[in-house]
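A short worksheet on the structure shown next.
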Amino acid sequence: MRLRSLTLAVLAASLALAAPAAAEGQGTDLFAGYSFAQVGDVSRHGANAAVGFDLFGPIDLFVDASGHWGSREGVGRSDLTLMAGPGARFGKRGKTVVFVRALAGLVRDRASIEVLDVDINESSSGFGLLAGGGVDFPIARALAVRAQADYLLWDAGGDEVACLALGCPAPDGGWESSFRVSAGIVFRFGAAP
């Protein structure tokens, strides 16, 4: 319940900040770049891609996907995320643009170890929340460099909701979190009013 309240508060704050802003439409943007995530005591390197679509005024729809890989003490760890949700972009196209967003979606976490050329792995998929923002610095009217930071929270138990509905025992796990930073290139296209 507390997690839902926090999510709703972040979403409400984003919308409240965006409502009085008079930002011009940004068109559609496509971001791709390097990403670093710290999950527990494992540093993970990877990639992040995202698309931002104009909805109305500064309010946008974001779709974000990322993958990270790392290892510690012989155990390989990886994660894949696919998120979508609302956000707001402030600034003018071709100038510096600041954005905030609150996304929800799927997180798949995997741990593996290789023993005598046999790969033993365990993975879980669960619901996740991603909140953060960033800034785009213009290179040209249609190109920018982006730096962003996000906080990711996900249900590492994976099928806990399904088990509660079906009456089976809840899997081990719980909630995990990570901090993610990404940097890369943004390409803007489409009409901007």
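Just to verify a result, which residue in region 44-79, among those that are within 10 Å of the chain's Cα centre (by Cα) and of a type outside the set (Gly, Ala, Ser), is surrounded by the fewest Cβ atoms within 10 Å (Cβ to Cβ)?
Going through the qualifying residues, I end up with Val63.
Would region 138-146 turn up any residue that is more than 15 Å from Glu176 (Cα to Cα), in contact with a Ser or Thr (Cβ under 6 Å, 6 or more places away or on another chain) and either surrounded by fewer than 19 Cβ atoms within 10 Å (Cβ to Cβ) or touching a residue at least 60 places away in the same chain (Cβ under 8 Å) (or both)?
No, because not a single residue in region 138-146 is more than 15 Å from Glu176 (Cα to Cα), in contact with a Ser or Thr (Cβ under 6 Å, 6 or more places away or on another chain) and either surrounded by fewer than 19 Cβ atoms within 10 Å (Cβ to Cβ) or touching a residue at least 60 places away in the same chain (Cβ under 8 Å) (or both).
Quick test for you: out of Gly87, Gly67, Gly91, pick the one residue that is modelled with pLDDT of 85 or more and within 16 Å of Ser177 (Cα to Cα).
Criteria check complete, one pass: Gly67.
In the list Phe36, Phe53, which residue meets the criterion of being under 21 Å from Ser71 (Cα atoms) and at pLDDT 50 or above?
It is Phe36.
For region 154-178, give me the residue count where each residue is out of contact with any strand residue (DSSP E or B) (no Cβ under 7 Å at 6 or more places or on another chain) and at pLDDT 50 or above.
Within region 154-178, residues that are out of contact with any strand residue (DSSP E or B) (no Cβ under 7 Å at 6 or more places or on another chain) and at pLDDT 50 or above number 2.
Name every residue in region 179-193 that is among the hydrophobic types (A, V, I, L, M, F, W, C) and at pLDDT below 90, in order of residue number.
Once the filter is applied, which keeps residues that are among the hydrophobic types (A, V, I, L, M, F, W, C) and at pLDDT below 90, region 179-193 yields Phe189, Ala191, Ala192.
Yes or no, residue by residue, for (1) under 18 Å from Val63 (Cβ atoms); (2) of a type in the set (D, E, K, R); (3) at pLDDT below 80:
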{"residue": "Leu106", "(1), (2), (3)": "yes, no, no"}
{"residue": "Ser112", "(1), (2), (3)": "no, no, yes"}
{"residue": "Val115", "(1), (2), (3)": "no, no, yes"}
{"residue": "Asp119", "(1), (2), (3)": "no, yes, yes"}
{"residue": "Glu122", "(1), (2), (3)": "no, yes, yes"}
{"residue": "Phe127", "(1), (2), (3)": "yes, no, no"}
{"residue": "Leu130", "(1), (2), (3)": "yes, no, no"}
{"residue": "Ala142", "(1), (2), (3)": "no, no, no"}
{"residue": "Leu152", "(1), (2), (3)": "yes, no, no"}
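So Asp41 clears everything in (1) surrounded by fewer than 13 Cβ atoms within 10 Å (Cβ to Cβ); (2) modelled with pLDDT of 80 or more; (3) not aliphatic (A, V, I, L, M) except one condition, right? Which one?
(2)
The values are calculated or read from the model by the stated rules, or taken from the named source; none is laboratory data. Keep in mind it's a predicted model, so treat the numbers as computed, not measured. Counting neighbours? That spans all protein chains shown, and the Cβs are built from the backbone with ideal geometry, glycine included.
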